[in-house]
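Inspection log for the structure reproduced underneath, given as structure tokens.
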Amino acid sequence: MIWTLARKELHQHWHAFGLLVLLTFGAMGVVAGAAQFGGLSGSIFEGLRMILYTIVPLACLVLSHRLVALEFRDKTQLFLEALPVSRWRMVALKYLFGCAVIFFLVAGALAISAIFGRTSELLTPRFLAILAARSLAWTWFFYNLLFLFGFLGRYRFVFGLFLYFGYLALDALTDVRISEWGPFALLNERFAFESHEFPVAALRTTALLALGLMGLSLGLGLAREGSVAALLGERMSHREKMFCTGLVIAGLALFGTAAERTLKVPYDLPGAIEEARSGVVVKVASAGDKRATELAARLADQLASVRDYLAVSELPPVFIVARPKFRPDQFERIKLEDEQGVLVGANFAALDFHERAFAMWLLREVLKARTFDRAEREPSKWVLDGFPLFWASRAEVATPVASAATLHEGARRAASKGFSPADVEQWLSFQKRVGAEDASAVAWAGLRTLARRHGENACRDFLRDVLGGDIRHDARAVARDLRDPIRRRLQRAARVSPTQFHAEWCAEIAS
């Protein structure tokens, strides 16, 4: 009987399942092919991440609607209830059937991305296992959430709006960052590149949420032999529609009012040593420490010079706290609101503290914060990686990790593994292939090539256009990147095509 019911589900919904398979596999093939041959992404698996964000939730919604909501709305479940099979078996069968279908879609998408990526990605069993764990956990969570939606019937739209505006309220009115928690942390920017560590905490949280949602779904489906689910499956009356519309409008008004009245309290370090320059503030939490005072002054002077060079009005304030248990070369950034500044920790009291390495690392973090992390995205990431080294060499200061000759050797070593024009657009993949230090050396060589062959003014104009300027924290920043990409800014500043500049870059590395 169970197998007969499974065949019934397949026969009833095969056209919808086939369409989902075609849509998912086709989209994955197109995205992976474009990423590999067209240079549209830093990694093949960025395409998989996009599929998981878009098509997989849509597929879960379609499955839950076909398997649950449609059955109760059209009352075809009455036929199933007349069969000599207990209700829990029927509900469990629908759940497992939909789960198998959605997992098949995700597994197929993962397989397609691996097939396309085998020539350009380092595919180790551990890397593939991490990708699979992230993908399947995310999928399982969304399937359980939308399977629950199917049992909510005519109220699922209202419940969906409630969750969405609840998410916005938590993100805007509290210190909770949903995007860095649970299932959303599984698909962060490291999804396509993390090949060593399993996100255990995020996987555990996601699994617990999925289990809780599954329990709620089964509870609704089995409550009083399904009478609750059947009642919710009826169409919404006119009064209910008006009432729910009023609730939505009232919720939007309350949310907007609360967001306007919520004031963000600026971060501060009471009693810290403070050094301020024009548009630059550095605070070190170590009152009475001479070394901390000197460190704050030197960092403030350097950041002020960078501010002048990039022609920006101000840089985010810097807050430095002591971390006595850190190694002298270990630094940490603690995430704050983008508008509040850069909070970092370091063991600056250690006798062998790597101050120059810290200064370069801090410069990179400050520029990331000023651009709302947009500078770290492709294809501008190479500029951000190379600028601290370029700035140190420009100021005639010995670099903390190597001399100029050693950096040149690192750039040669990286270029010997292959450095094509596509690698400039796909910097994360290039960095993964050659190593972070050697990739930074290549980026340093690129900026030095620009300064040597096209003049200091051209290099400065290019850096101001990429790292300076008026950075927006909304859709206007995305529109600017599409309208005025990095390669066009390079061509405008140095009057050289990206292909010609890459040839000069390679020649400089080989010299």
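Residue under question is Ser313, and the condition is that it be buried (at least 20 other Cβ atoms within 10 Å of the Cβ), at pLDDT below 90 and more than 28 Å from the chain's Cα centre (by Cα); does it hold?
no
Which of the following residues is part of a helix (DSSP H, G or I), at pLDDT 80 or above and closer than 21 Å to Ser511 by Cα: Ala422, Ala375, Ala411, Ala392?
Ala411
Name the single residue, out of those in region 267-293 being charged (D, E, K, R) and closer than 16 Å to Val344 by Cβ, that is nearest to the chain's Cα centre (by Cα).
Asp268
Any residue at all in region 320-339 that is hydrophobic (A, V, I, L, M, F, W, C), surrounded by fewer than 20 Cβ atoms within 10 Å (Cβ to Cβ), at pLDDT below 90 and closer than 30 Å to Arg460 by Cβ?
Checked against the condition, which is being hydrophobic (A, V, I, L, M, F, W, C), surrounded by fewer than 20 Cβ atoms within 10 Å (Cβ to Cβ), at pLDDT below 90 and closer than 30 Å to Arg460 by Cβ, region 320-339 yields at least one hit.
In the set Phe79, Phe25, Phe45, Phe17, which member is assigned to a helix (DSSP H, G or I), at pLDDT below 60 and hydrophobic (A, V, I, L, M, F, W, C)?
Result: Phe79 is the single residue among Phe79, Phe25, Phe45, Phe17 that is assigned to a helix (DSSP H, G or I), at pLDDT below 60 and hydrophobic (A, V, I, L, M, F, W, C).
Among (1) under 27 Å from Glu194 (Cα atoms); (2) among the charged types (D, E, K, R); (3) at pLDDT below 90, which single condition is Arg487 missing?
(1)
Is at least one residue of region 452-470 in a helix (DSSP H, G or I), farther than 26 Å from Leu315 by Cα, in the same structural domain as Ser380 (by TED's automatic domain parsing) and of a type in the set (Val, Ile, Thr)?
No, region 452-470 has no match at all.
I need a count of the residues in region 410-464 that are closer than 12 Å to Val383 by Cα and either crowded, with 19+ Cβ neighbours inside 10 Å or of a type in the set (Asp, Glu) (or both).
So the count comes out to 17.
Could you tell me which numbered condition Arg356 fails, if it satisfies all but one of (1) outside the structural domain of Arg488 (by TED's automatic domain parsing); (2) in contact with a Phe, Trp or Tyr (Cβ under 9 Å, 6 or more places away or on another chain)?
(2)
Count, please, the residues in region 305-322 that happen to be under 13 Å from Trp391 (Cβ atoms) and touching a residue at least 24 places away in the same chain (Cβ under 8 Å).
Going through region 305-322 one residue at a time, the tally reaches 5.
Return the residues of region 113-129 that are farther than 22 Å from Gly26 by Cα and outside any helix (DSSP H, G or I); say none if nothing qualifies.
Result: Leu122, Leu123, Thr124.
Rundown of residues vs (1) under 20 Å from Ser64 (Cα atoms); (2) buried (at least 21 other Cβ atoms within 10 Å of the Cβ); (3) of a type in the set (S, T, N, Q), yes/no style:
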site	(1), (2), (3)
Phe97	yes, no, no
Ala100	yes, no, no
Ile112	no, yes, no
Phe116	no, yes, no
Phe127	no, no, no
Ser135	yes, yes, yes
Thr139	yes, yes, yes
Leu146	yes, yes, no
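I'd like to know if region 431-449 contains one or more residues that are among the charged types (D, E, K, R) and over 22 Å from Ser43 (Cα atoms).
Checked against the condition, which is being among the charged types (D, E, K, R) and over 22 Å from Ser43 (Cα atoms), region 431-449 yields at least one hit.
Just give me the residues in region 324-357 being in a loop (DSSP other than H, G, I, E, B), touching a helix residue (DSSP H, G or I) at 6+ places or on another chain (Cβ under 9 Å) and of a type in the set (A, V, I, L, M, F, W, C), in sequence order.
Across region 324-357, the qualifying residues are Leu336, Phe348, Ala349, Phe353.
With Val312, Val321, Val281, Val306 as the choices, which residue is part of a strand (DSSP E or B) and closer than 29 Å to Arg480 by Cβ?
Val281 is the lone residue from the list that is part of a strand (DSSP E or B) and closer than 29 Å to Arg480 by Cβ.
(1) part of a loop (DSSP other than H, G, I, E, B); (2) surrounded by fewer than 18 Cβ atoms within 10 Å (Cβ to Cβ); (3) not β-branched (Val, Ile, Thr): which one isn't true of Ala297, the others all being true?
Result: Ala297 fails condition (1) only.
Would you mention how many residues in region 476-510 are in contact (Cβ under 8 Å) with a residue 24 or more places away in the chain and among the charged types (D, E, K, R)?
Final tally of qualifying residues: 7.
The values are calculated or read from the model by the stated rules, or taken from the named source; none is laboratory data. Computed from a predicted model, the values in this text were never measured in an experiment. FYI the Cβ positions are ideal-geometry reconstructions off the backbone, even for glycines, and counts take in every protein chain you see.
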